[in-house]
Amino acid sequence: MFLCLAQDFHSSSCLSRPTLFAGIPTSSRIRCLTPIAHSKPQISFRRARKQDLEALIRIVEGEPLGTGWERGSLQGEIESESVVLAEGTEGEIVAFMVLWLVLDQLEIGNLFVSPRHRRKGVGGKLLDHIIKDGRTQGAKKIILEVRESNVAARNLYSRAGFGEAGRREKYYGGVEAAILMEVDLDP
């Protein structure tokens, strides 16, 4: 389904589809602006800057479980250029990831998606970007830890090619196991 705008002018970029819309004269032209159903937000990626800190804190505060990320920690990661973020079309930060490249291994510390942008493909796009960028930077593997109960995150990582590589019992708060996941980046 597409969001379409009926127009009375004739331009080469318009498509003639008069039968799709009741009440639009047959002489009108229809120009499809943007897909509605099944559309994923247009996003771009960049390193976080110090002026992004407040927006990142708001995203972290929206997490239901404690994350261990405080203002000072995030500020330090921004300063060391370890935070990559996803911006929506109007400059809104919709997701971010903390990660470290150590020799030829990239480690994901956390992936956060703004609550109102979840289940829209944003996390997957950011993860795909990081995988491509990791290859460019010479990483041979990406590793991460995820809560055993975080099925949505585990599924996201699996769809991106990550497989389970191990387990750390009672890793989170002395109660919950961490699932170790990794993906090889060698072609």
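Quick notes on this structure:
- Close amide H pairs (under 5 Å, H built 1.01 Å from N) link GLY109 with VAL98, LEU99, TRP100, residues at least 5 positions away or on another chain.
- Residue-count net charge about GLU164 - beta-carbon cut-off 10 Å; Lys, Arg +1, Asp, Glu -1: +1
- Rounded to the nearest whole Hz, the Karplus-based 3J(HN,Hα) values (6.51 cos²θ - 1.76 cosθ + 1.60, θ = phi - 60°) of the range 168-180 follow the sequence 10, 5, 6, 6, 8, x, x, 10, 9, 6, 9, 9, 8, with x at glycine and proline.
- For the range 65-178, the C-alpha radius of gyration sits at 1.07 times the compact-globule guess of 2.2 N^0.38 Å, with N the residue count.
- Placing unit charges on the Cβ atoms of the charged side chains and taking the dipole of the range 71-161 about its Cα centre, the candidate lying farthest along the positive direction among LEU101, LEU126, THR136 is LEU126.
- Near the amide H of VAL94, within less than 5 Å, lie the amide hydrogens of ALA86, GLU87, GLY88, all on another chain or at least 5 residues away, with H placed in the peptide plane.
- Scaled to the globular estimate 2.2 N^0.38 Å, the Cα spread of the range 100-151, given as radius of gyration, is 1.24.
- Within the shell of other residues whose beta carbon sits under 10 angstrom from the beta carbon of LYS141, the net charge comes to -4, with Lys and Arg scored +1 and Asp and Glu -1.
- Within-12-Å neighbourhood charge of VAL98 [Cβ basis; K, R +1; D, E -1]: -2
- Taken about its Cα centre, the range 62-187 carries a charge dipole of about 480 debye when Lys and Arg each add +1 at the Cβ and Asp and Glu each add -1 at the Cβ.
Any read-out appearing in this document is the output of simple, stated calculations on the displayed coordinates, not a laboratory observation. Note that the structure is predicted; figures quoted are calculated from it, not measured. Cβ atoms come from the backbone with ideal geometry, glycine included; neighbour counts cover every protein chain shown.
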